[in-house]
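Participant: Below you'll find the structure I mean.
Every number here is computed from the coordinates shown, using simple stated rules; none is lab data. Since the model is a prediction, treat every value here as computed from it, not as a measurement. Note that each Cβ is placed from the backbone with ideal geometry, even for glycine, and that neighbours are counted across all protein chains shown.
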Amino acid sequence: MKLPHQRLTRRLALGGLAATTLAAPARAQARPLKIGMITSLSGPFAALGESMRGGMRLLLTQSGERFADRPVELIVEDDQARPDDGVRKARKLIGQDRVDLLCGVIHSGVALALRDVVTEARMPTFLLGSANDLARRAASPFILRPTKTNWMLGSTAAQRTHQTHPGARVVTAASDYAAGREFVGDFATTYQGLGGRIGRQFWTPLGTPDFGPLLTAIAAERPDSVYVFFAGSDAVRFLRQWKEYRLAGRIRLMATGACFDQEDVLPAVGDAALGGINTFHQSPTAPSSAAFVEAWGATGKGLPGEFSTTGYVCGQVIRTATERSGGNPTDWPRTQQALFDAPVETAFGRMPFDPRNGQAILDIHVNEVRAVDGAMVNTVVYTFPQIRDPGPDA
Amino acid sequence: MIRVIAAAAVVALFADDYLLRFLAEILLFGVAVMSLDILIGFGGLMSLGHAALFGGAAYAAAIVARQWGGDLVLMLGTGMATGLVLAAVMGVVVLRSGQLFLLIMTLLLAQMLWEVAFHWRDVTGGADGLRGLPALSLGPWALSGARALFLVAVPLAVVAFLVARSFIAAPIGRALVGTREEPIRMTALGYSLFAVRFRAMMVAGAMAGAAGALLPFVNQYVGPQSVHWTLSATLVIMLVIGGIGSLWGGFIGSAVYLGIQTYLSAYTDRWQLLVGLVFVLTVLLLPNGVAGGVRRWRS
Amino acid sequence: MTPILALNGITKRFGAFTALDDVGFTIRPGEAVGLIGPNGAGKTTLFNIITGFLRADAGSVRFADRTIDTVAPARRVALGLARTFQTAMVFPGLTARENIAMAVRRRAGDGLRWFGGASGTDAASRLLDDAGLAHRADTLLRDMSHGERRIVDALMPLALSPRVLLLDEPTAGLTRAEGERLLDILRRQHAGTALLLVAHDVDIVLGHCDRVVVMELGRVIRIGTPAEVRDDAEVRRAYLGSPGGC
C-alpha cells in the first residue's frame, strides 16, 4: 500500500518491535496511528469545519487517544473550502506528514478534487462531502464514505411527500450550483416517478441577499408544498424572510437537513423554522445518537448539528477499522473487507458499507422542527431505514 | 547550464515524490512568472490577467487529455496554442489603451474567462473542476508519477528561459524595452507600439501556455481557481519578490511563495501574512527583488 | 522643384485659444529652413501637427506631393518625415551606439526581428564617427554630457535617412560652439535631408539656414532669406529687438 521505502521502514519497525517483544515481555509498544483530517477552518464553512474537528476530538478523548491500544495522532489541515488548497494539503499530509489515513472535507468540490490524488497515492481515505458522483463515477477502492449522498436526502424527501401528501403540487427553489441542482433534481425525479406533480422550479445565485422576489413568486404559484435547498447564510436569510413574508405555517416547507441544521441554522432563525420538514441522516433526537448528543452537550456546545456528528462518526468508523484490522488499518484490503463484512455501530445508527463503492448505507430521518422548552429542535417523526445510494449503476 | 542539469539529475534520483512534485510546481509557475516578466518587466505592460493564459491553457490541456490522452507533445501543443489565441485576443483588446486601462481590461478579460470556466459545467466541470485525467505519456512511454513530471518540467523551464533570453536580446526585445522607456521616441522612430507589444504578448502567451498545459498533472486536477484573478495577482507578487526584469527571478519568486505556502501553512493559517510581509520588505529593501539583490551582492 | 513639405492654411484651436492661424509655407528638398518666434508662437504645436501627434482643425500637410493628414505618426516616419523633441528622448540605459542602432534597425526593416537581420551597430558606429563621437560610442547615455546627448538625440532620427527632419530646439542648453558643431554635422554630413529647425539662438538659425519663417502668436509674419528677415522691421519688433527676445 505504501511507497517502497515506507514499506521498508514499517518492516524494520515491526521487526524491531518483534525483537523488543521477545527480548522483554513488556506491554505492547505500538507506533502512533497518524490520521490526517482536511476540513474548512477558514472561509465560508469555518464554523462547520470547527464542528467537524470538535466531533472527532470528542471521539478521540472518549477513546483515551487510543484506538485498539494504539496511540492516535490527529493532524488537521485547512482547505479553505477551495479544491486547489484541499489537494495541496492532502499532498502535504500524504507526502510530508506521512499520515496513515486521511479523512474529512466538507465541500464536495474538494472531495471530488481529492479523489485522484488519494487514489494515486493509495492512501486509505474516509471521504465526506455529499456530491452524488462520490458514490458513483468518483468512487475509488481507497475511499470509504461514512456519510450521505445528496440523492439519499432528495429522494427520501420526495418519498415522504408522497407518503403524507399524495398528489401535492410541489414547487422547488434552490441555490444554483452543483449541490442545489442535485438535491432538487433527485427530488423531482423521484417525486414524478411516484406520480407526483412538480410545479415551477426556481433558481437563485449563491449568496442572494434578498429572497423577497423569490418568495413573492412562490406565493403567487400557490403550491401545496415547497422543497428548497439553501445552506449556510443563505438558509438563514431565506427562513427569516419566509417568516417575514408570512409564508411560514401557511405553505408546507420541506428542505434538506442542511437548511435546518441544528448547530448552523436553527439558533440563528429561531421560530422562523418552526414546522419545517427536512430529511437528514443526522438528528439530535435520533435514538442512535443519544449518547453522542449527551456527550456533546456536556462540552457546553448545545445540541449537535450535522458536522459535529459527522466528525464523531468518522472517528467511530476509523476506530472500528483499527480494531477489526488488529491495530493495522493501513493493511487496506483486509481493513476494507472487515468493514464490508459487518456494519459499524455509529451515532448515525447501524452503518453497513456498500462493497460496490464504499458508500455508507444510512437511516434517513424525517425531522420536523418543533419547539422544545423554548428552543427549536429537529425532531424525528419518521425514519427511512438503510437507504442505499444507487451507486455506479445509477 | 551543466550545473543546472547536474543538480536536476541529483534531485530527480534522490528526492521523494512529495518534493519532486513540489519542485515541478515551482518550475511551472516559474515559467509563467517569467513570461509575465516579459510583459511587466521589459514591456512595462501591467497585466492582471495572466492567469487567463496560464490557467486557460491548463483547462485546454485537461479537456484534450480527457478526450485524447495525455501525450506530452499534444499537451504542450494544446497549451501553447491556447496561450497564443488567448494572448492574441487580450492583445487586440487591451494594447491600444493607456496604462490604467490595461490593468483593468486584463483583469476584466481574465474574469470573463473565469465566468466561462465556472459556469460551463459540461465542458469545464464548473465549480467542481476537472479530474480523472490520464497520465502524461510520450509515444509508447508512460510518464506518470512525480519523478516523470519533474523530469519534464526541468527541460521545459530551461528551454523557456533560453527562449525568453533570446527574445529580450533580439531587436524585438530591445524595441520592447524601448516602448517601455520612451514610447514617444519609439513612435517618432517609426515603430508601431502596438506591433511591438503584440508580439511580446504572443510570446508571453505561448510560454505561459506551455507551462500551463502541465499544471493539471501536478495535482491531477484543474479548477476555476486556476483562472481566477487572485492567481494573476499571485503571479505578480511572485514576480516582484523574484525580481522584475530579471527573467530567472521568476523561479526564485515562485519558490519563495510556494515554499511559504506549503511549509508554513502547516504551522499557521496566517501564512499569507508572511507572504505580504516578504512582499513589502522586498519592495522596501530589495527593489529589484531577490534576483536584483543577488546581482548586487555578486558585483 | 516640388516642395518636399508643403503646409497650407494650418489652423489649430484649443478651446477659445487659437494656437495656429492659417499657417502655410513650403520646404524644398535638401533645404534648411529656420523657424523662429517668441514663446507661444505655436512652433511646437506646428511640429506636432506636421508629424501627426496632433490633428489640425483646418488646412493640410503635404509630404512629397501626398496629403498625409490622416496618416499615423509612425507611418509618417516610414515615409521619410522624422523629428526630435524639445527634451532629448534618448535611452539612458543604452550606449550611444545602441541608441542609434535602434533607429538603424527600423530603417532596415529589422526593428521587430527575432532571428537574423542587421544589428545596426555598424551603421550606428559610422554615424558616430562622422559626428566625431567615435570615442564615446560605448558610453551609456546617462553618463554623457548634455551636449553629447543632444548630438546622439539628433543622430537617431538621422539614422532613418529621412527626407525631412524637424528639429525642435536642438541646441537648447548647448554652448555656442556645441550648437555650431551640431548644425555643422547636420548640414555637412546629411546634405540630402531637408531641415526644419527651431532654435533659441537666432544667430545659429540665421547662420545656417537657407530660409527663415518667422511666427508670432500663431501666425506667420515673414518668410525670407536670413538677410531679409534680419532687416525686417516687423520681425525686429516682434522678436529680434525685444530684450531677451527668445
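Participant: Calculate the all-directions average of the projected area of the range A:63-119's alpha-carbon convex hull, and give it in nm².
Facilitator: Working: hull surface 17.4 nm².
Answer in nm², one decimal: 4.3.
Participant: Looking only at other chains, what is the average number of their beta-carbon atoms within 10 angstrom of each beta-carbon in C:152-165?
Facilitator: Values: counts 0, 1, 0, 0, 3, 4, 0, 1, 3, 0, 1, 0, 0, 0.
Shielding by partners across C:152-165 averages 1.
Participant: Continuing with this model, one more query. Counting other beta carbons within 10 Å of each residue's own, what order do A:V380, C:V205, A:V184 fall into, fewest first? Let's see the in-between values first.
Facilitator: Values: A:V380 16, C:V205 22, A:V184 26.
Fewest to most other Cβ atoms nearby, the residues stand as A:V380, C:V205, A:V184.
Participant: For peptide B:179-186, what's the mean number of Cβ atoms from other chains within 10 Å of each residue's Cβ? Walk me through the intermediate numbers first.
Facilitator: Working: counts 0, 0, 6, 7, 1, 4, 12, 7.
Partner Cβ neighbours, averaged per residue: 5.
Participant: Report the local net charge at B:G145: Lys and Arg +1, Asp and Glu -1, summed over other residues whose C-beta lies under 10 Å from its C-beta.
Facilitator: Working: positive: B:R21, B:R147; negative: A:E120, B:D17.
It works out to a net charge of 0.
Participant: Between Rg and the Kirkwood Rh of the range C:130-217, both from Cα atoms, what is the Rg to Rh ratio? Please list the in-between numbers first.
Facilitator: On the way: Rg = 13.1 Å, Rh = 13.7 Å.
Checking Rg against Rh, the ratio lands at 0.96.
Participant: Sticking with this structure for a sec: Using the Cα centre of chain C as the reference point, and only Cβ charges (+1 on K/R, -1 on D/E), how large is the resulting charge dipole? Debye, rounded to the nearest 20.
Facilitator: Numbers: 31 positive and 28 negative charges, 126 e Å.
Roughly 600 debye for chain C.
Participant: Could you state the number of Å between the C-alpha centres of the range B:252-282 and the range B:205-221?
Facilitator: Their Cα centres are 22 Å away from one another.
Participant: Could I ask something else about it? Take each of the peptides B:47-59, C:150-162, average the number of other beta-carbon atoms within 10 Å over its residues, and list them starting from the highest.
Facilitator: Working: B:47-59: 30.2, C:150-162: 23.6.
Highest mean packing first, the order is B:47-59, C:150-162.
Participant: Right, next: Peptides C:230-238, C:187-195: what's the order by average Cβ count within 10 Å, highest mean first? Before the final figure, lay out the partial values.
Facilitator: Values: C:230-238: 14.9, C:187-195: 16.4.
Peptide ranking by packing, descending: C:187-195, C:230-238.
Participant: Run down the lysines and flag those whose C-alpha is under 26 Å from the C-alpha of C:K12, throwing out any fewer than 8 positions away in its chain.
Facilitator: Partners found: C:K43.
Participant: By its C-alpha gyration tensor, with a ≥ b ≥ c as the square roots of the eigenvalues, how is the range B:92-187 shaped: rounded for a/c under 1.5, else prolate for a/b larger than b/c, else oblate? Spell out each step's value before the answer.
Facilitator: On the way: a/c = 4.15, a/b = 1.35, b/c = 3.09.
Oblate shape, in that a/c is at least 1.5 and b/c is the bigger or equal ratio.
Participant: As a footprinting exposure proxy, order B:Y18, B:Y267, A:Y382, A:Y312 by other Cβ within 10 Å, with the fewest listed first.
Facilitator: Details: B:Y18 19, B:Y267 8, A:Y382 16, A:Y312 28.
Placing the least packed residue first, the sequence is B:Y267, A:Y382, B:Y18, A:Y312.
Participant: Need the list of lysines near A:K243 for cross-linking: C-alpha distance under 28 angstrom, and skip anything on the same chain fewer than eight residues off.
Facilitator: Partners within reach: A:K301.
Participant: At 222 nm, what value in deg cm²/dmol follows for the protein assembly as shown if DSSP H runs of at least 4 each add -39500 (n - 2.57) and the sum is divided by all its residues, to the nearest 500? Don't skip to the answer; put the middle values down first.
Facilitator: Numbers: 35 runs with 455 residues, N = 939.
So the calculated ellipticity at 222 nm is -15500 deg cm²/dmol.
Participant: Right, something else. Kindly identify the protein assembly as shown as rounded, prolate or oblate by the Cα gyration tensor criterion: order the square roots of the eigenvalues as a ≥ b ≥ c, call it rounded if a/c is under 1.5, otherwise compare a/b with b/c, prolate if a/b is larger, else oblate.
Facilitator: Details: a/c = 3.45, a/b = 2.15, b/c = 1.61.
Since a/c reaches 1.5 and a/b is larger than b/c, the shape of the protein assembly as shown is classed as prolate.
Participant: Just to be sure I understand the model, the point goes 7 Å from the Cα along the line to the Cβ. What's the resulting B:V280 to B:M112 distance in nm?
Facilitator: A separation of 3.7 nm, rounded to one decimal place.
Participant: When you look at the Cβ of every residue in B:213-224, what mean number of other chain Cβ atoms sits within 10 Å? The partial results should precede the final answer.
Facilitator: Values: counts 0, 0, 0, 0, 0, 3, 11, 8, 11, 3, 9, 4.
For peptide B:213-224, the averaged partner shielding equals 4.
Participant: Which order do the peptides B:210-216, A:175-181 come out in when sorted by mean C-beta neighbours inside 10 angstrom, highest first? Each step should come with its number before you reach the end.
Facilitator: Details: B:210-216: 29.6, A:175-181: 20.3.
Listed from highest to lowest mean packing, they are B:210-216, A:175-181.
Participant: Can you give the translational diffusion coefficient of the range A:30-98 in µm²/s, computed by Stokes-Einstein from the Kirkwood radius over Cα pairs at 37 °C and 0.692 mPa s? Each step should come with its number before you reach the end.
Facilitator: Values: Rh = 12.7 Å.
The diffusion coefficient I find is 258 µm²/s.
Participant: State the dimensionless ratio Rg/Rh of chain C (Rg: radius of gyration of Cα atoms; Rh: Kirkwood radius).
Facilitator: Working: Rg = 18.0 Å, Rh = 18.5 Å.
Result: Rg/Rh = 0.97.
Participant: Find out how many positive minus negative residues lie around A:G207, taking Lys and Arg as positive, Asp and Glu as negative, among other residues whose Cβ is under 14 Å from that of A:G207. Before the final figure, lay out each step's value.
Facilitator: On the way: positive: A:R237; negative: A:D176, A:D210, A:D234.
Result for the local shell: -2.
Participant: Give the lysines whose C-alpha is closer than 18 Å to that of A:K34, dropping any in the same chain fewer than 8 places away, or say none.
Facilitator: A:K2, A:K89, A:K92
Participant: Follow-up. Given the options B:R270, B:R180, B:R197, state which has the largest fluctuation in a GNM of chain B using a 10 Å cut-off (strictly under) for Cα springs.
Facilitator: B:R270
Participant: Could you line up A:Y245, A:Y227 from fewest to most neighbouring Cβ atoms inside 10 Å? Please report the intermediate quantities before stating the final value.
Facilitator: Numbers: A:Y245 16, A:Y227 29.
With the sparsest Cβ surroundings first, the list reads A:Y245, A:Y227.
Participant: Turning to a different aspect of this structure: Kindly provide the pair-distance distribution of the range B:2-228 built from C-alpha pairs, with 10 Å bins from 0 and whole-percent values in order of increasing distance.
Facilitator: Per 10 Å bin, starting at 0, the Cα pair percentages come out as 9, 33, 32, 19, 7, 1.
Participant: Report, to the nearest 10°, how far helix C:96-107 tilts away from the longest principal axis of the Cα atoms in chain C, using its own Cα long axis and a range of 0 to 90°.
Facilitator: Orientation of helix C:96-107: about 80 degrees from the principal axis.
Participant: Assign unit charges at the C-beta atoms only (+1 for Lys and Arg, -1 for Asp and Glu), then state the dipole size of the protein assembly as shown relative to its Cα centre in Debye, rounded to the nearest 20.
Facilitator: Working: 91 positive and 77 negative charges, 228 e Å.
For this selection, approximately 1100 debye.
Participant: Further question: Return the ratio Rg/(2.2 N^0.38 Å) for the range B:29-71, where Rg is computed over Cα atoms only. Present the calculation step by step, with values, prior to reporting the outcome.
Facilitator: Working: Rg = 13.2 Å, N = 43, 2.2 N^0.38 = 9.2 Å.
Scaled against compact globular proteins, the figure is 1.44.
Participant: Separate question: Using unit Cβ charges (K, R positive; D, E negative) and no other charged atoms, how large, in debye to the nearest 20, is the dipole of the range A:221-338 about its Cα centre?
Facilitator: Working: 11 positive and 12 negative charges, 36 e Å.
Here the range A:221-338 has a charge dipole of around 180 debye.
Participant: Could I ask something else about it? Report, please, the projected area of the range B:151-299 averaged over directions, based on the convex hull of its C-alpha atoms, in nm².
Facilitator: On the way: hull surface 44.7 nm².
Averaged projected area of the range B:151-299's Cα convex hull equals 11.2 nm².
Participant: Which listed residue (B:L189, C:W114, A:L362) has the Cα farthest towards the positive end of the charge dipole for the protein assembly as shown, taking +1 on Lys and Arg C-beta and -1 on Asp and Glu C-beta about the Cα centre?
Facilitator: It is C:W114.
Participant: So what are the ³J(HN,Hα) numbers for the range C:120-132, from phi and the Karplus equation (6.51, -1.76, 1.60; θ = phi - 60°), rounded to whole Hz, Gly and Pro as x?
Facilitator: Here the 3J(HN,Hα) series is x, 6, 5, 4, 5, 4, 4, 4, 5, 4, 4, 8, x Hz.
Participant: Which whole-angstrom value gives the distance between the alpha carbon centres of the range C:171-194 and the range A:202-255?
Facilitator: 83
Participant: Report ³J(HN,Hα) in whole Hz for each residue of the range A:58-68, in order, from the Karplus equation J = 6.51 cos²θ - 1.76 cosθ + 1.60 where θ = phi - 60°; Gly and Pro get x.
Facilitator: Karplus values, whole Hz, x for Gly and Pro: 4, 4, 5, 4, 4, 8, x, 6, 9, 10, 6.
Participant: Note the direction-averaged projected area, equal to a quarter of the hull surface, for the Cα convex hull of the range B:213-277, in nm².
Facilitator: Working: hull surface 20.2 nm².
The Cα convex hull of the range B:213-277, projected and averaged over all directions, gives 5.1 nm².
Participant: For chain A, taking Cα atoms only, what is the radius of gyration to one decimal and the Dmax to the nearest whole Å?
Facilitator: Over chain A's Cα set, Rg and Dmax evaluate to 21.8, 81 Å.
Participant: When the Cα centres of the range A:73-143 and the range A:319-394 are compared, how far apart do they sit, in Å?
Facilitator: About 19 Å separates the Cα centre of the range A:73-143 from the one of the range A:319-394.
Participant: With a ≥ b ≥ c taken as the square roots of the eigenvalues of the C-alpha gyration tensor of the range A:99-147, please select rounded if a/c is under 1.5 and otherwise prolate if a/b is larger than b/c or oblate if it is not? Before the final figure, lay out the partial values.
Facilitator: Working: a/c = 1.59, a/b = 1.33, b/c = 1.19.
Prolate.
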